[in-house]
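Some notes on the structure that comes next.
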Amino acid sequence: MSDKFRCIMVTKTEAGARGALGEFAESELMEGDVTVEVSHSTLNYKDGLAVTGAAPVVRKFPLIAGIDFAGRVRSSSDNRFKSGDAVLANGWGMGETHHGGYATRARVKGDWLIPVPDKFSAAEAMAIGTAGYTSMLAVMALEAAGLTPAKGPVLVTGAAGGVGSVAIALLSKLGYRVIASTGRASEEAYLKALGASEIIDRAELNGDARALGKERWAGAVDAVGSKTLANVLSSTSYGGVVAACGLAQGMDLPGFVAPFILRGVTLAGIDSVQCPRPRRLEAWLRLARDLDIGKLTATISRAGLSDVVALAPEILKGQVRGRVVVDVTR
Ligand code: NDP
């Protein structure tokens, strides 16, 4: 019997790294304690970079793309997992240096796997995906720095994207007044349905920053970086906190130390890829408790594995709304 399965394989071409639909053999998967029958993955910004080759996300060739997946254990030599268990994985170099989730089969270390919370199906877990789990890490960082709804509103930048959409849903359910910054005025109804109270135009935030601006929010989840993050910091109120998790505008941070030394603002860095397992387990438990999954799944788009190559450039252009769930079996 053939051990071949379908996947999105990134290869190095003369034009650079490119992803395409292909086949791979289970016997050639990299080492790991657990083999998973993957049912769902998702489209994250980083997947867009990897599949188009727009940035050097993939560092080993050929490589199966996809930074996350959900599915069921096929076989395991790790005694924490047995055949049939529902599991998910985010990051750890999947889709970068280890074969990833855009395939019906994956083999990874047991340490990378998280049991899918009972409350979620595999498709729902990937409606959350790496973007949503990153939003939860950001919210946890805001809380750890002392943010509460009583301290004032929270800004979410890149609001209509994946990280932004889940952050809005989470923060509003936790009782925060959420201000959503977007470049897509047409998404106002979508953002309000997720729980945003106020929408601002991202153009207000993407020019040169001043050292200090008017205090407008007590906290922020920033998926955009660059000048936007500098402006977000300048307008954070005294003692506030900003969780930096993305670079949709750019990798730079052209700003000032004034918010830190004159207003005691905290800048919290968020990394989902190497985040230690106990914190991941906490984040997924919190997602099961604090996310209105019905609200999120009402807004998702569904795609098959064969749609990923066409969708990848769209997410880089900021044209994908919210979360995309990829059914890898079709
Ligand atoms: P999406 O593409 O879904 O969302 C990004 C959003 O940012 C867009 O929808 C758009 O929102 C906004 N945006 C895009 N381009 C610009 C621009 N030039 N200036 C200002 N805003 C812009 O991506 P994800 O939500 O999946 O990821 C968001 C960011 O977070 C990415 O940079 C990603 O790499 C990073 N990330 C980091 C992780 C970590 O571990 N730290 C994990 C996951 C993601 P709108 O249309 O509303 O303006």
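Here, each number is a calculation from the coordinates, and none is a lab measurement. Predicted model only: the values in this text are computed from it and were never measured. So basically every Cβ, Gly included, is an ideal-geometry build from the backbone, and we count neighbours across all protein chains shown.
What residues from the range 157-179 fall in the zone where the backbone N is under 17 Å from a label point 7 Å along the Cα-to-C-beta line of ASP290? Only 157, 163-179 fall inside the zone, counting backbone N under 17 Å. For a paramagnetic label modelled on ASP252 (point 7 Å from Cα along Cα→Cβ), amide N atoms under 20 Å away belong, within the range 34-66, to 55-56. Please compute the net charge surrounding ASP118, taking Lys and Arg as +1 and Asp and Glu as -1 over other residues with Cβ under 15 Å from its Cβ. Overall, the nearby charge balance is +2.
Which of the three applies to the range 215-278, rounded, prolate or oblate, going by the alpha-carbon gyration tensor with a ≥ b ≥ c and a/c under 1.5 meaning rounded? Here the range 215-278 falls in the oblate category. Derived value for the chain: Kirkwood hydrodynamic radius 19.9 Å. Basis is the mean of 1/r over every pair of different alpha-carbon atoms.
For the range 206-248, what does the alpha-carbon gyration tensor say about shape, rounded, prolate or oblate, given a ≥ b ≥ c as the root eigenvalues, a/c under 1.5 as rounded, and a/b over b/c as prolate? It comes out oblate by the Cα gyration axes.
Estimated purely from DSSP H runs of n ≥ 4, each contributing -39500 (n - 2.57), the mean residue ellipticity at 222 nm for the chain is -8500 deg cm²/dmol once divided by its residues. Sorting LEU247, LEU233 from the fewest to the most surrounding beta carbons within 10 angstrom yields LEU247, LEU233.
For a modelled paramagnetic label at ARG80, 7 Å from Cα along Cα-to-Cβ, the residues of the range 95-139 in reach, with backbone nitrogen under 11 Å, are 109-115. Here the range 130-269 is described by how far its Cα atoms reach on the three principal axes: 36, 29, 27 Å, from widest to narrowest.
Decide, for the range 41-177, between rounded, prolate and oblate: order the square roots of the alpha carbon gyration tensor eigenvalues as a ≥ b ≥ c, take rounded if a/c falls under 1.5, and otherwise choose prolate if a/b is larger than b/c, else oblate. The shape class here is oblate.
Take the Cβ atoms of LYS109 and LYS173, set R0 to 25 Å, and the FRET efficiency comes out at 0.15.
Pairs to check: LYS60/LYS82; LYS60/LYS295; LYS12/LYS317; LYS119/LYS317; LYS151/LYS317. Give those whose C-alpha atoms are more than 28 Å from each other in this structure. Beyond 28 Å: LYS60/LYS82; LYS60/LYS295; LYS119/LYS317; LYS151/LYS317.
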